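Beneath this line is the structure, given in structure tokens, with notes to follow.
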Amino acid sequence: MGNIKDKVAIIGMGCTPFGDLWKMGVPDLIIESAYEAYEDAKVGPKDIEAVFVGNVSSSMWTGATVTEALQLDRIPATRVENNCATAAEALRLGAFSVASGMYETVLCVGFEKLKDYGSGALEMPGSLHPISVVGSAPASFAKSAVQYFEKYKIPYDKGKEALAKIAVKNHFNGAMHPKAHFKRAITLETAMNAPMIAWPLGLFDCCPVTDGASCAIITRADKAQSYTPDYVLIKGLGLAVGRIDPFKGKFRSDTDITFWDETWVAAQQAYDQVGIKDPRKEIGSAEVHDCFTITELIIYESLGFCPRGSGPAEVDADAFTLKGDLPVNTDGGLKSFGHPVGASGLRMVYELYNQQLGRAGDRQLQNPKYGLAHSQGGTPGMFQASVTIVGPKN
Amino acid sequence: MVGICSYGAYVPLYRLAREAMVLEGKGGAGERSVRGADEDSLTMAIDAILDCTKGIDRTSIDGLFTATTTAPFAEKQLAAMAASALDFKENVLSLDFNNSLRSGLTAVKMAADAVKAGSAKSVMVAATDSRLGTPLSAVESTSGDGAAALLIGDNGVAASIEGYYTYTCDFTDTWRPANDQFVHVWNDRFSIAEGYQPMMTKAISAAMKAFGVTPADITKLVYNAQDARAHGAVAGALKFDAKTQVQYPLFNEMGNTGAAFPVMLLIAALEQAKPGDTLLVASYGDGVDVMLLKVTDQIEKIRDRHGVLGYLQSKKMLPSYVKYLRLRHLFYMESTRMTPITPGLAQLWRERDSMFKLHASRCNQCDWIEFPIRRICPKCHSKDDYSQDRLLDQKVTVYSFSTDTIPTIPEVTDPPLGRAIIDFSGGARMELEMTDFGDIQNMKVGQPMEMTFRRLERQGDVAAYAWKCKPVR
């Protein structure tokens, strides 16, 4: 495997507000995020040589959804899909196209319009096999919570409390971001006493269904300075896709749903490229895929931030809050910022980018070091996991 | 000697107290069995056959007959669907006996004749029913849901068939038009006095004469009736001692389970029978069938079945009449708007070994077992080199579980929807729907589970069934 470190620069980023965007259609989402990035990178539509489009379910076909919205004439446009890792995938493939020398200035866009249709939670409708259950994502991850509590002998109330603390942290952070879906802090009691969604996960253990778009403009590292003095560099890119089709009810006989194997593998790929030996010390902040609180708890362990089974103790010690030694989800994460599936991966990089450039307002970290974005599509036992590491130009 | 080699039954988990079956005032005594929202006559028959075939290789059975008045399909064979799910052999003789409350015992007669004629070594007969009375009617109150299964053969006979008598009569006391979901009844002052009682006494008397037996030779007289009042009128007229010689009819514990009822009462009698006992069974509906049975010492070898009495022990009371109406889909519930999922019938057919027969692949190179069947071994990557393991009779434990409040599905008995990951004793792990689990907080990781074939709604009018798991009853 090669190494992407310091070959590609992010010179501009954009992100729509996330939320119930009743007044915005798909073209509006794309335009709002792209024009913020144009302005940031000091480029215009004519500078874009190629587009990588990430979308899961709001656009039936092709990358033309973006070329049409932005009126980009007859340029290479490719649509990619990798479930919740879709936006990260658009950035990853865009980065490879730049690193190869093929294109100089590339737009990577992720968007999702979920609120116009569907139910209040992300469905998993692709369960084509009758034996595979109809239902929503929460119940899949709830089973990980049940088994995690069982495996590490955590009493129900203590387990619920550890999960609730993660929700409280993310809402606290999200309340400070003007573009977050839920800009509201919550109390531990609110989180613990919320209505049950998928036992033992309550309402505040679950991220919302959200509309939104986010994008990045990237170029070769050696050209970045000619566009703008404010840019960050891609340091590592990892991707691991499980051997199970998540939508076919296929479960491996040895699946352990208390650890995210694909995330571990994707992280090791990225750490190797950057040369990270101790992620807990070398990563300054992480944006992780907290689709559910239990997901974030297990992510700490699967990214190597702490040993297996030690997540709840780290949560108790506030290790991953803004004041902790490794802040996680400084913008509120999926829980508070929202989760437009095909956009979230780039939204995470947007927060890391703003932290790197000192633009994170009240959430600004003293020393952002390397920033890590982690996306994870699918359900326990069958993930598409992506890890993106960015860092300063020097 | 031809007769009953094994028996099994199924009574759904749910019961409704008859006193709740009113909009105001007070209802009747006792309780009736009620099938779950994901059960029907097919699924109950499959559960009964599972009970009946404990320790028996189902591929050794030559025939499968099902008897019911409530087949879920007007065109599509129940027996063939049951044979597929239960993994009977391909050249099993399958046949449905429909439309008569008497059809269960008639099917037993036909099975016994096939064995006697030598065209089959053994035949499975399942009688199942889930009849619907109009809301607040006597039929609704006195009915119950359930299924029975008898394995008829000539090897290891636990109750030999010593005689059979049949009497056909086109008497209309209860009927259901082809385009109606509700059973209708005529005034029972006429239908018992002129129909049920004289026909039963005439047929049973004639049968005893033909068999050369008198009431003194009979240990238990077993027979069905539409309700307790009708039932009580027969034994005395035939000079049987109602207290000691009549099989208790379970009206207050289960109710009239239609075509399954006489067979279920026979199974209840067999569960309590001793070697040497003589049973006289009469089955009423469009006439009367009568069968004489002699219990053998083989009966002691099949005591581990749930049976009717066993299944009646485990139950969950429904909280209200409205809940009953919902389980029977008489109380309209709008499903959650979700993307429709209709699997192609071609796909279901291609993957039938996994999806209906519950086969896993076992790698011939490294022994790795995986469900559903994988052409490439996940462990050693050998290609198309596997054998198929049957999961259905393996022991099952639960690896993890949860509930899902998001989708509203009329076919979920006790929302929220249950989901589980289960482990089979042979090594396969499977994620699937969970049903009849009661309170999720009482479930424990590692507890024993069992498989049950149930209805699914989400596939519209496509054959909407799949295996689910439930806690062991």
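Once you have all Cα-Cα distances for chain B, histogram them in 20 Å bins from zero and send the whole-percent values.
The calculated distribution, bin by bin, is 24, 56, 19, 1.
To the nearest whole number, what is the average tally of beta carbon atoms from other chains within 10 Å of the beta carbons of peptide A:188-200? Write out the running numbers ahead of the final one.
Numbers: counts 0, 0, 0, 0, 0, 0, 0, 1, 4, 6, 9, 11, 4.
If you average over the peptide's residues, the count of other-chain Cβ atoms is 3.
Starting from the Cα of B:Asp217, move 7 Å in the Cα-to-Cβ direction to define the label point; list residues of region B:137-169 whose amide nitrogen is under 12 Å from there.
B:162-164
What number do you get for region B:1-81 when its Cα radius of gyration is normalised by 2.2 N^0.38 Å, N = residues?
Numbers: Rg = 16.8 Å, N = 81, 2.2 N^0.38 = 11.7 Å.
So region B:1-81 has a normalised radius of gyration of 1.44.
Over region B:351-427, calculate the relative contact order: mean separation of alpha carbon pairs under 8 Å at least 6 apart, over the residue count, as a percent.
Values: 125 pairs, mean separation 19.6, N = 77.
Dividing the mean separation by the residue count of region B:351-427 yields 25 percent.
At 7 Å along the Cα-to-beta-carbon direction for both A:Met196 and B:Asn252, put a label point, then send me their distance in nm to one decimal.
Between A:Met196 and B:Asn252, the simple spin-label model gives 3.5 nm.
In degrees, nearest 10, range 0 to 90: what is the angle between the Cα axis of helix B:197-211 and the longest Cα principal axis of chain B?
Between the helix axis and the principal axis of chain B, the angle is about 90 degrees.
Among A:Met24, A:Met102, B:Leu292, whose Cα projects farthest towards the positive end of the dipole of the protein assembly as shown, with charges put on the beta-carbon of Lys, Arg (+1) and Asp, Glu (-1)?
Sorting the options by dipole projection puts first B:Leu292.
When the chain is fully extended, how far beyond the present Cα-Cα distance does B:Cys366 get from B:Lys116, taking 0.36 nm per residue of separation? Provide the component values of the computation, followed by the final result.
Numbers: separation 250, 0.36 × 250 = 90.00 nm, distance 4.67 nm.
In short, 85.3 nm is gained.
Counting only the backbone N, which residues of region A:352-394 are under 17 Å from the spot 7 Å out from the Cα of A:Asp272 toward its beta-carbon?
The answer is A:385-389, whose backbone nitrogens lie closer than 17 Å to the label point.
When the expected Rg is taken as 2.2 N^0.38 Å, what fraction or multiple of it is the alpha-carbon Rg of region B:345-471? Don't jump to the answer; show the numbers that get you there.
On the way: Rg = 15.6 Å, N = 127, 2.2 N^0.38 = 13.9 Å.
The value comes to 1.13.
Provide the FRET efficiency to the nearest 0.05 for the A:Glu39-A:Thr78 pair, computing r from the beta carbons and using R0 = 22 Å.
Numbers: r = 25 Å, r/R0 = 1.12.
Plugging the Cβ-Cβ distance into 1/(1 + (r/R0)^6) gives 0.35.
Using the charge dipole of the protein assembly as shown (Lys, Arg: +1 at Cβ; Asp, Glu: -1 at Cβ; taken about the Cα centre), state which of A:Tyr35, A:Val328, B:Val222 has its Cα farthest towards the positive end.
Final value for the positive-end residue is B:Val222.
Quick one: 3J(HN,Hα) in Hz for region A:147-152, Karplus 6.51/-1.76/1.60 with θ = phi - 60°, rounded, Gly and Pro as x.
6, 5, 4, 5, 5, 9
Could you work out the relative contact order of chain A? I mean the mean sequence separation of Cα pairs under 8 Å and 6+ apart, divided by the number of residues, in percent.
Numbers: 983 pairs, mean separation 102.4, N = 394.
Relative contact order, chain A: 26 percent.
Scan around B:Met317 for amide H atoms under 5 Å from its own, H built in the peptide plane at 1.01 Å from N, and keep only partners 5 or more places away or cross-chain.
Close amide H contacts, sequence-distant or interchain: B:Arg15.
Quick one: what are the phi-derived ³J(HN,Hα) couplings along region B:360-377, Karplus 6.51/-1.76/1.60 with θ = phi - 60°, whole Hz, x for glycine and proline?
Ordered by residue, 3J(HN,Hα) equals 10, 8, 10, 5, 6, 8, 10, 6, 5, 10, 8, 10, x, 4, 10, 6, 9, 5 Hz.
Going by average Cβ density within 10 Å per residue, which order do the peptides A:335-347, B:437-449 take, highest to lowest? Please list the in-between numbers first.
Details: A:335-347: 31.4, B:437-449: 14.6.
Descending packing order for the listed peptides: A:335-347, B:437-449.
Along the positive direction of the dipole of region B:131-278 (beta-carbon charges: Lys, Arg +1; Asp, Glu -1; about the Cα centre), which of B:Thr168, B:Ser137, B:Val213 reaches farthest?
Positive-end residue among those listed: B:Val213.
Run the numbers on chain B and let me know its relative contact order in percent, using alpha-carbon pairs under 8 Å that are six or more apart. Can you show the working numbers first?
Working: 1108 pairs, mean separation 83.2, N = 473.
Relative CO of chain B lands at 18 percent.
Where does the charge balance sit around A:Glu282 when Lys and Arg score +1, Asp and Glu -1, over other residues with C-beta under 11 Å from its C-beta? Numbers along the way, then the final one.
Numbers: positive: A:Lys235, A:Lys277, A:Arg280, A:Lys281, A:Lys369; negative: A:Asp278.
Neighbour charge sum, excluding A:Glu282 itself: +4.
For region B:338-429, state which trypsin sites (Lys or Arg not before Pro) are in a DSSP loop and have at most 13 other beta carbons lying within 10 Å of their beta carbon.
Details: sites: B:Arg350, B:Arg352, B:Lys357, B:Arg362, B:Arg374, B:Arg375, B:Lys379, B:Lys383, B:Arg390, B:Lys395, B:Arg419, B:Arg429; in loops: B:Lys357, B:Arg374, B:Arg375, B:Lys379, B:Lys395.
The qualifying sites are B:Arg375, B:Lys395.
Please give the length that would be gained between A:Asp47 and A:Arg308 if that part of the chain were fully extended, namely 0.36 nm times their separation in residues minus their C-alpha to C-alpha distance (nm, one decimal). Kindly include the intermediate steps, with their values, before the conclusion.
Numbers: separation 261, 0.36 × 261 = 93.96 nm, distance 4.70 nm.
Difference between extended and current length: 89.3 nm.
Under a Cβ-Cβ limit of 4.7 Å, which cysteines in chain B have nobody to pair with?
Among the cysteines of chain B, those whose Cβ sits 4.7 Å or more from every other are B:Cys5, B:Cys52, B:Cys169, B:Cys469.
Residues with amide H under 5 Å of B:Ile61's amide H, sequence separation 5 or more or different chain, H placed in the peptide plane at 1.01 Å from N; which?
B:Lys89
Once you average over the residues of A:149-159, how many Cβ atoms of partner chains fall within 10 Å of each Cβ?
1
With charges set only on the Cβ (+1 for Lys and Arg, -1 for Asp and Glu), what does the dipole of chain A come to about its Cα centre, in debye to the nearest 20? The partial results should precede the final answer.
Values: 38 positive and 44 negative charges, 72 e Å.
That gives chain A a dipole magnitude of about 340 debye.
R0 = 56 Å: FRET efficiency of A:Met60 with B:Phe190, Cβ-based, nearest 0.05? Spell out each step's value before the answer.
Details: r = 65 Å, r/R0 = 1.16.
Calculated transfer efficiency: 0.30.
Trypsin sites (Lys or Arg not before Pro) within region A:7-105: which are DSSP loop residues with at most 16 other Cβ atoms inside 10 Å? Intermediate values should be presented prior to the final figure.
Details: sites: A:Lys7, A:Lys23, A:Lys42, A:Lys46, A:Arg74, A:Arg79, A:Arg92; in loops: A:Lys7, A:Lys23, A:Lys42, A:Arg74.
Within region A:7-105, the qualifying trypsin sites (Lys or Arg not before Pro) (loop, at most 16 other Cβ atoms within 10 Å) are A:Lys23, A:Lys42, A:Arg74.
Can you give me the long-range amide H partners of B:Thr296? Hydrogens built in the peptide plane at 1.01 Å from N, cutoff under 5 Å, separation of 5 or more residues or another chain.
Answer set, sorted by chain and number: B:Ala159, B:Ser160, B:Gly276.
Limiting things to C-alpha atoms, what are the Rg and the maximum Cα-Cα separation (Dmax) for the protein assembly as shown, in angstroms?
Over the protein assembly as shown's Cα set, Rg and Dmax evaluate to 32.7, 110 Å.
What percent of all Cα-Cα pairs in chain A falls into each 20 Å bin, going from 0 up to the bin containing the maximum distance?
31, 60, 8
Tell me the mean residue ellipticity at 222 nm calculated for the protein assembly as shown from its helices only (DSSP H runs of n ≥ 4, each -39500 (n - 2.57), averaged over every residue, nearest 500). Before the final figure, lay out the partial values.
Working: 24 runs with 236 residues, N = 867.
Using -39500 (n - 2.57) per qualifying helix, the result is -8000 deg cm²/dmol.
Restricting the count to DSSP beta bridges whose residues both fall in chain B, what percent are antiparallel, rounded to a multiple of 5?
Details: 70 of 91 bridges.
In chain B, DSSP labels about 75 percent of beta bridges as antiparallel.
Under a point-charge model restricted to the Cβ atoms of Lys and Arg (+1) and Asp and Glu (-1), what is the dipole moment magnitude of chain B relative to its Cα centre, in debye to the nearest 20?
Working: 52 positive and 56 negative charges, 92 e Å.
For chain B, the charge dipole is close to 440 debye.
Across the residues of B:412-419, average count of Cβ atoms on other protein chains within 10 Å? The partial results should precede the final answer.
On the way: counts 1, 0, 0, 0, 6, 6, 4, 8.
Shielding by partners across B:412-419 averages 3.
Only four residue types carry charge here, +1 at the Cβ of Lys and Arg and -1 at the Cβ of Asp and Glu. Report the dipole size of the protein assembly as shown about the Cα centre in Debye, rounded to the nearest 20.
On the way: 90 positive and 100 negative charges, 157 e Å.
For the protein assembly as shown, the charge dipole is close to 760 debye.
Show me, for region B:269-284, the HN-Hα J-couplings you get by feeding each phi into the Karplus relation (A = 6.51, B = -1.76, C = 1.60, θ = phi - 60°), rounded to Hz, glycine and proline as x.
5, 5, 4, 9, 6, 10, x, x, 5, 10, 10, 10, 10, 10, 10, 9
State which stretch of chain B is the longest one without any exposed GluC sites (Glu not before Pro), exposure meaning a DSSP loop state and at most 11 other Cβ atoms within 10 Å. Working shown, then result.
Working: sites that count: B:Glu24, B:Glu75, B:Glu90, B:Glu334.
Within chain B, the longest run free of exposed GluC sites (Glu not before Pro) spans B:91-333.
How high is the FRET efficiency between B:Ala178 and B:Lys76 when r is their beta carbon distance and R₀ equals 25 Å, given to the nearest 0.05? Don't skip to the end; give the middle numbers.
Numbers: r = 15 Å, r/R0 = 0.61.
Using R0 = 25 Å, I get an efficiency of 0.95.
Just so you know, all these numbers are worked out from the coordinates, no wet-lab data involved. All values reported here derive from a predicted model rather than from experimental measurement. FYI the Cβ positions are ideal-geometry reconstructions off the backbone, even for glycines, and counts take in every protein chain you see.
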